[in-house]
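The values are calculated or read from the model by the stated rules, or taken from the named source; none is laboratory data. What you are looking at is a predicted structure, and each value in this text was computed from that prediction instead of being measured. Note: ideal-geometry Cβ built from the backbone for every residue, glycine included; neighbour counts use all protein chains shown.
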Amino acid sequence: MMRAKLLQRTLVLMLLLSLILPASFPRLVEARSREVLNKDNLELILKGVVSLYLLNRLNSVLREEPATGHLEPGGSGVPAGPSPLAGKIIILDPGHGGSDPGAVGARGLKEKDVNLDIAKRVYRLLKENTGAQVYLTRDTDRFISLAERSSLANRLDGDIFISIHINAAENGRERGIETYAHHNAGREAWALAWYLQEQLVKELVLQNRGLKAGNFHVIRETRMDSVLLEIGFISDAAEEALLAKASTRERAAQAIFAGILAYYQNR
Ligand SMILES: [Zn+2]
C-alpha cells in the first residue's frame, strides 16, 4: 500500500515537472541576461520557483520510502555500528524430525514442526540482519541422529549452538520456558542461556522456569557454547494452542534473535 501511494505521488510530481521544467529554465536564463522583467518573464520565474519547490518535495517524498520491515542492527534499540555477530558461526538445531515427532500435543501439534518453524525464522533474522554465518542442522522434516547434529556442529567449528525444543510433561500441568546448559559448561554458555531465557520469557510472557543444568547429548558433545531451549509445554492445552500460531513462533524467533544479539553485545 505504501509503495503504491509513493509511486502515485512520484508520478504526479514527475508529470508536473515535465510540463514546467523544459519550457522555463532556458528562457529564464535568457530573460535574466536581457534583464527584462515583463509579464511573460515574471510568469517564467514563478514557474521556475514552483519547479524548484516541486523538485525539493519530490526529494523528500523519495526519502519517505518505508523501511523493508527487517530488524537491523542499528534499529530497534540496537546500538549502531558493525554487527558484533559478524563472522560468528551460529548453529541452530531444530530438535527431532522425520520419524521422530518429539512431543505431541492433545490437539495433534507436533514438537518437530514447531521446532523447525522457529529455527527457520531465527535463521532468516540472523541471515538478513547480521554478518553471522548461520547453519541449521536440518531445514526439512527429516530424521537426523543426535550424533549427526553434534558432529556437524563440531565440523563447522561453531561459536554457539542453540537447540530448539518444546517441552512436555506426563501430568499435563507444567507450563513455561526453561533453558539448559551442560552442567560442565563455562560461564559463556550460561550467559548465552541467560540472555535467551530472559528474552523468551519477556517476549512470550510465559512462566519463567529458569536456567537448568542438563546432560543432553547435543549440549554435552558440541565443543562450543551450547544451550537447549524448551519453549513452553505442548502438553498444556493453552500453550499448545499458542505454539500452533505463526505469530507466537515469530515472537519466539525474535526473542532468540534478540537474546543472541544481547549475548554478543555484552561480552
Ligand atoms: Zn524435544
Residue under evaluation Leu261, criteria (1) closer than 13 Å to Ile160 by Cα; (2) surrounded by fewer than 22 Cβ atoms within 10 Å (Cβ to Cβ), criterion not met: (2)
Condition broken by Ile144, with the remaining ones in (1) more than 16 Å from the ligand (Cβ to nearest atom); (2) part of a loop (DSSP other than H, G, I, E, B) satisfied: (1)
Val114 being outside any loop (DSSP other than H, G, I, E, B), within 16 Å of the ligand (Cβ to nearest atom) and on the phi < 0 side of the Ramachandran plot: yes
Of all residues making up the stretch 117-141, the number that are in a helix (DSSP H, G or I) and either touching a Pro at 6+ places or on another chain (Cβ under 6 Å) or farther than 10 Å from Pro94 by Cβ (or both): 8
Number of the condition not met by Ile160 [criteria: (1) surrounded by fewer than 23 Cβ atoms within 10 Å (Cβ to Cβ); (2) farther than 25 Å from Val104 by Cα]: (1)
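So that you can scan it fast, the table gives a plain yes or no per residue for (1) assigned by TED's automatic domain parsing to the domain that holds Arg149; (2) under 21 Å from Leu152 (Cβ atoms); (3) not small (Gly, Ala, Ser):
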{"site": "Lys212", "(1), (2), (3)": "yes, no, yes"}
{"site": "Val218", "(1), (2), (3)": "yes, yes, yes"}
{"site": "Glu221", "(1), (2), (3)": "yes, yes, yes"}
{"site": "Gly232", "(1), (2), (3)": "yes, no, no"}
{"site": "Ala238", "(1), (2), (3)": "yes, no, no"}
{"site": "Ala241", "(1), (2), (3)": "yes, no, no"}
{"site": "Ala244", "(1), (2), (3)": "yes, no, no"}
{"site": "Gln254", "(1), (2), (3)": "yes, no, yes"}
{"site": "Gly259", "(1), (2), (3)": "yes, no, no"}
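Just give me the residues in the stretch 223-249 being surrounded by 15 or more Cβ atoms within 10 Å (Cβ to Cβ) and away from the ligand (no atom under 16 Å from the Cβ), in sequence order.
Met224, Asp225, Leu242, Ala244, Thr248
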Count - residues of the stretch 99-111 that are within 10 Å of the ligand (Cβ to nearest atom) and out of contact with any Lys or Arg (no Cβ under 7 Å at 6 or more places or on another chain): 2
Candidate set from the stretch 147-158 (those that are part of a helix (DSSP H, G or I) and in contact with a strand residue (DSSP E or B) (Cβ under 8 Å, 6 or more places away or on another chain)); member that is farthest from Pro84 (Cα to Cα): Arg149
